[in-house]
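Single-structure report; data block below.
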Amino acid sequence: MKKILIVEDHIDIRKLLKMTLEFDDFEIHEAATGDAGWVLACELQPDIVLLDVMMPGTLNGLDVCRRIKSDPGMRHTKVIMLTARVQSDDRAAGFAAGADDYLMKPFSTLQVLETIYRMEAAH
Amino acid sequence: MTSLPLLEPASQVPPDTRCFDEAAAAQMERFVRDFGRMYRERNEALREVTRAHHAALLHLSAAADLKDDDTGVHIVRIGYLAEALALALGQTVGYARMLRKAAPMHDIGKIGTPDSVLKKPGKLTPEERQTMNCHAAMGAEILGRSNIPVFRMAAEVALTHHERYDGQGYPAGLSGEAIPLSGRITAVVDFFDALTMDRVYRPAFAVPVALEMLAAERGRAFDPVIVDTFLAHAEAIDALRCKITQECPSFDALIDAP
């Protein structure tokens, strides 16, 4: 079963993302800050990380993405950035940080699943 | 060193701040849950339809194959051998699996080929050859009516499995990489499997002879990379061929195997 980590500071958004992923069989983990997300990622070595860009704490989403991408234990880990529609620079910044894909907020339930299936198919 | 939080007042904001009104959040969750149920039910229904459609088309392919003096296991072998060859070529597991399900239907169009042509002993006249060659396009038409990916691939295989790498094939005379990979792989597997089975007009060729005949078509009928890969994995592929012949997996197994 694919292991997915959601790193998102808004509890409601996080819950909706989790409920969306529950449409299928995934092992789902959650973190509410970049810092907590990084710690959990190291521990779990997830297959996919859904990563918000703007989060409180010392590490934002881009920092976490860069760390994941330079960690030898997480070479298999795909990162999908969650970017706000208004901040169009987020997308470029996300790819510069090594993100594999991105999703715009407000996120589309079907797009979340399609993006994850695409990551799986690329394996 | 740990002075960062002072620079970033945002970090003082407690995580887990709500962004929705509680009642609105509850209602939204209700919607998502219902949507999830419909999503799963829809996928389940689609799977059922696909499976029934697939089984029917496999039976039709087997019927076409029976006209052509075979026991039906040939088309199952084509599926598994095409899957193995696709994997050996470095294709994804998903692609290889889809090819396993799609390739067995490549000759479904022979259902429309008159027996007088299909079963004619000896050489075909140019008109008969033309009638025979129609099976590729007919198969593509039977299979191509669906939007489901596995049938789209099956239609592609049916249409292109008689194209030749050197451009001398039919129906379109495509050459090289212009021939879809699925068709190029199936052509190789079909050639080898047909040679290594008994036909009414000749006994099976020995495996080493069949491999030599395959090598002779490298860059002519077949993609050189695919032929090289086949030859490099010939032992494993032939072992799989024997295993399938012995176990004779059902169509259900062909559809459902992971």
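Given A:Gly94, A:Gly37, A:Gly73, A:Gly57, which one is within 11 Å of chain B (Cβ to nearest Cβ), outside any strand (DSSP E or B) and over 10 Å from the mean Cα position of the chain (by Cα)?
A:Gly57
Name the pairs whose Cβ atoms lie under 8 Å apart, with the first residue in the stretch B:22-48 and within 23 Å of B:Ile148 (Cβ to Cβ), the second of a type in the set (Phe, Trp, Tyr), and 6 or more positions between them or separate chains?
B:Gly36/A:Phe23; B:Tyr39/A:Phe23; B:Arg40/A:Phe23
What residue, of A:Leu44, A:Leu16, is within 14 Å of another protein chain (Cβ to nearest Cβ) and over 12 Å from the mean Cα position of the chain (by Cα)?
Numbers: A:Leu44 fails: within 14 Å of another protein chain (Cβ to nearest Cβ).
Sole residue among the options that is within 14 Å of another protein chain (Cβ to nearest Cβ) and over 12 Å from the mean Cα position of the chain (by Cα): A:Leu16.
Can you work out which of the residues in the stretch B:122-170 that are small (Gly, Ala, Ser) and farther than 20 Å from B:Leu99 by Cβ is nearest to the chain's Cα centre (by Cα)? Quick ask: steps written out before the conclusion?
In the first step, residues of the stretch B:122-170 are kept if they are small (Gly, Ala, Ser); the result is B:122, B:136-137, B:139-140, B:144, B:146, B:154-155, B:158, B:167, B:169.
From what's left, farther than 20 Å from B:Leu99 by Cβ: B:122, B:137, B:167.
Details: B:Gly122: 31, B:Ala137: 17, B:Gly167: 22 Å.
Selected residue: B:Ala137.
Tell me, which residue of the stretch A:1-16 that is aliphatic (A, V, I, L, M) and modelled with pLDDT under 95 is surrounded by the most Cβ atoms within 10 Å (Cβ to Cβ)? Before you say what the answer is, go through the steps one by one.
Initially, the stretch A:1-16 is screened for residues aliphatic (A, V, I, L, M), giving A:1, A:4-7, A:11, A:13, A:16.
Going one step further and asking which of them are modelled with pLDDT under 95, we end up with A:1, A:11, A:13, A:16.
Working: A:Met1: 9, A:Ile11: 17, A:Ile13: 18, A:Leu16: 22.
My answer is A:Leu16.
Mind listing whichever residues of the stretch B:215-228 are touching a helix residue (DSSP H, G or I) at 6+ places or on another chain (Cβ under 8 Å), in a helix (DSSP H, G or I) and surrounded by fewer than 20 Cβ atoms within 10 Å (Cβ to Cβ)?
If the condition is that a residue be touching a helix residue (DSSP H, G or I) at 6+ places or on another chain (Cβ under 8 Å), in a helix (DSSP H, G or I) and surrounded by fewer than 20 Cβ atoms within 10 Å (Cβ to Cβ), then B:Ala215 is the only one that fits.
Taking the options B:Gly79, B:Gly94, name whichever one is closer than 30 Å to B:His233 by Cα, assigned to a helix (DSSP H, G or I), within 14 Å of chain A (Cβ to nearest Cβ) and modelled with pLDDT of 90 or more. So that I can check it myself, show each step before the final result.
Working: B:Gly79 fails: within 14 Å of chain A (Cβ to nearest Cβ).
Within the list B:Gly79, B:Gly94, the selection yields B:Gly94.
Give the residues of the stretch B:81-112 that are among the hydroxyl-bearing types (Ser, Thr, Tyr) and touching a Ser or Thr at 6+ places or on another chain (Cβ under 6 Å), sorted by residue number.
none
Given the structure, is B:Ala234 farther than 25 Å from B:Ala140 by Cβ and among the aliphatic types (A, V, I, L, M)?
Working: farther than 25 Å from B:Ala140 by Cβ: yes; among the aliphatic types (A, V, I, L, M): yes.
For B:Ala234, the condition - farther than 25 Å from B:Ala140 by Cβ and among the aliphatic types (A, V, I, L, M) - is met.
Restricting attention to the stretch A:79-108, and to residues there that are modelled with pLDDT under 90 and β-branched (Val, Ile, Thr), which single residue is nearest to A:Val7 (Cα to Cα)?
A:Thr83
Is it the case that the stretch B:164-179 has a residue that's out of contact with any His (no Cβ under 8 Å at 6 or more places or on another chain) and either within 13 Å of B:Met105 (Cα to Cα) or among the β-branched types (Val, Ile, Thr) (or both)?
yes
Looking only at residues in the stretch B:229-258 that are outside any helix (DSSP H, G or I) and touching a residue at least 40 places away in the same chain (Cβ under 8 Å), which one is farthest from B:Leu58 (Cα to Cα)? Spell out the reasoning first.
Kept after step one, since they are outside any helix (DSSP H, G or I), are these residues of the stretch B:229-258: B:233, B:248-250, B:257-258.
From what is left, the residues that are touching a residue at least 40 places away in the same chain (Cβ under 8 Å) are B:233, B:248-249, B:257-258.
On the way: B:His233: 28, B:Cys248: 14, B:Pro249: 13, B:Ala257: 15, B:Pro258: 18 Å.
In this case the residue turns out to be B:His233.
Hey, among B:Ile185, B:Ile148, which residue is closer than 29 Å to B:Asp238 by Cα and among the aliphatic types (A, V, I, L, M)?
Numbers: B:Ile148 fails: closer than 29 Å to B:Asp238 by Cα.
It is B:Ile185.
For a quick check of your reading of the model, give me the residue pairs whose first member lies in the stretch B:181-204 and is more than 16 Å from B:Ile226 (Cβ to Cβ), whose second is among the charged types (D, E, K, R), with beta-carbon atoms closer than 6 Å and at least 6 apart or on different chains.
So the pair list comes out as B:Val200/B:Asp69; B:Ala204/B:Asp198.
Kindly indicate the residue of the stretch B:26-36 that is facing chain A (nearest Cβ under 9 Å) and within 36 Å of the chain's Cα centre (by Cα) and also nearest to A:Leu16 (Cα to Cα) among those meeting that condition. Let's see the steps before the verdict.
Kept after step one, since they are facing chain A (nearest Cβ under 9 Å), are these residues of the stretch B:26-36: B:28-29, B:32-33, B:35-36.
Adding the requirement that they be within 36 Å of the chain's Cα centre (by Cα) leaves B:32-33, B:35-36.
Values: B:Val32: 7, B:Arg33: 9, B:Phe35: 12, B:Gly36: 11 Å.
By that ranking, first place goes to B:Val32.
Which number in (1) within 14 Å of chain B (Cβ to nearest Cβ); (2) touching a residue at least 40 places away in the same chain (Cβ under 8 Å); (3) of a type outside the set (Asp, Glu); (4) surrounded by fewer than 18 Cβ atoms within 10 Å (Cβ to Cβ) marks the one condition that A:Pro106 misses?
(2)
Tell me yes or no: at least one residue of the stretch A:7-30 is of a type outside the set (A, V, I, L, M, F, W, C), in contact with a Gly (Cβ under 9 Å, 6 or more places away or on another chain) and farther than 27 Å from B:Ala25 by Cβ.
Checked against the condition, which is being of a type outside the set (A, V, I, L, M, F, W, C), in contact with a Gly (Cβ under 9 Å, 6 or more places away or on another chain) and farther than 27 Å from B:Ala25 by Cβ, the stretch A:7-30 yields no hits at all.
The values are calculated or read from the model by the stated rules, or taken from the named source; none is laboratory data. Remember, it's a predicted structure, so these values are computed and weren't measured experimentally. Note that each Cβ is placed from the backbone with ideal geometry, even for glycine, and that neighbours are counted across all protein chains shown.
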